[in-house]
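What follows is calculated from the coordinates using simple rules that are stated; it is not laboratory data. All of these numbers come straight from a predicted model, not from anything done at the bench. A quick note on method: Cβ atoms are made from the backbone with ideal geometry, for glycine too, and the neighbour counts reach across all protein chains shown.
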């Protein structure tokens, strides 16, 4: 087995970093899109909640609607935070996977 040359290692490392950067950019764009959609959905939900609350006819109806809105809000927040957490994990995985593979290849075979 021949040892990799400096040029081979440099090219392989550069390729890994390029792939990492490209994957990171795509993942960050997806994450930004998810945050934009979340903000738009929250604004729409807030508008609907204010409209619904302004139309109540009694204190009992107000309390019932308020409880429903709180429950729905908590459910949405949990779901949204899980989705954002998965996307954030994907960003880091995408960013580091090509570099990780390059490091493993060098460690295992001494070649890029």
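Structure data summary
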read-out: Rounded D (µm²/s) - the chain, Kirkwood Rh over Cα pairs, Stokes-Einstein at 25 °C, 0.890 mPa s; value: 137
read-out: Pairwise Cα inverse-distance average, inverted: Kirkwood Rh of the range 13-52 (Å); value: 12.2
read-out: Value of D in µm² per second that Stokes-Einstein yields for the range 1-67, Kirkwood Rh from Cα pairs, at 20 °C (1.002 mPa s); value: 128
read-out: Cα→Cβ-extended label distance, 7 Å offset, between residue 105 and residue 28, nm; value: 2.4
read-out: Calculated Rg and Dmax of the range 48-99 using C-alpha coordinates, Å; value: 18.8, 62
read-out: Label-point gap, in nm, between residue 83 and residue 3 - each point 7 angstrom along Cα→Cβ; value: 5.3
